[in-house]
Amino acid sequence: MIKLSDLGQVYIVCGKTDMRRGIDTLASMVKDKFNLDPFSGQVFLFCGGSKDRFKALYWDGQGYWLLYKRFKNAKKN
């Protein structure tokens, strides 16, 4: 279980991210493109092409959490 009080900083990755990307690719992007440590316990939030889809990547010390959220009532462009 993720305790919100244990979470570090939250980074919002600007731009469109391919929502087909998985844990390894997103962690590599955090490290290579942004020069940040994906094992830091911080949350990295990625936005898809649609404004109603998001992924969050989080390392809890034992493994990664990859959370995906699609909002039901979001407006489409």
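The values are calculated or read from the model by the stated rules, or taken from the named source; none is laboratory data. Not measured: the values here are computed from a predicted model. In this analysis, Cβ positions are derived from the backbone assuming ideal geometry, glycine residues included, and neighbour counts consider all displayed protein chains.
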Scanning the range 1-28 for residues that are among the hydrophobic types (A, V, I, L, M, F, W, C) and at pLDDT 95 or above gives 23, 26, 27
What tally of residues in the range 53-75 results from selecting those that are surrounded by 15 or more Cβ atoms within 10 Å (Cβ to Cβ) and closer than 14 Å to residue 37 by Cβ?
4
Which members of the range 41-66 meet the condition of being over 19 Å from residue 14 (Cβ atoms) and free of Cβ contacts under 8 Å to residues at least 60 places away in the same chain?
41, 59, 60, 61, 62, 63, 64, 66
The range 21-77, subset of a type in the set (Ser, Thr, Tyr) and under 20 Å from residue 7 (Cα atoms), residue farthest from the chain's Cα centre (by Cα)
40
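Within the range 2-43, work out how many residues are among the acidic types (Asp, Glu) and within 15 Å of residue 58 (Cβ to Cβ).
Taking the range 2-43 first, the residues among the acidic types (Asp, Glu) are 6, 18, 24, 32, 37.
Add one more test, that the residue is within 15 Å of residue 58 (Cβ to Cβ), and what stays is 6, 24, 37.
Matching residues across the range 2-43 total 3.
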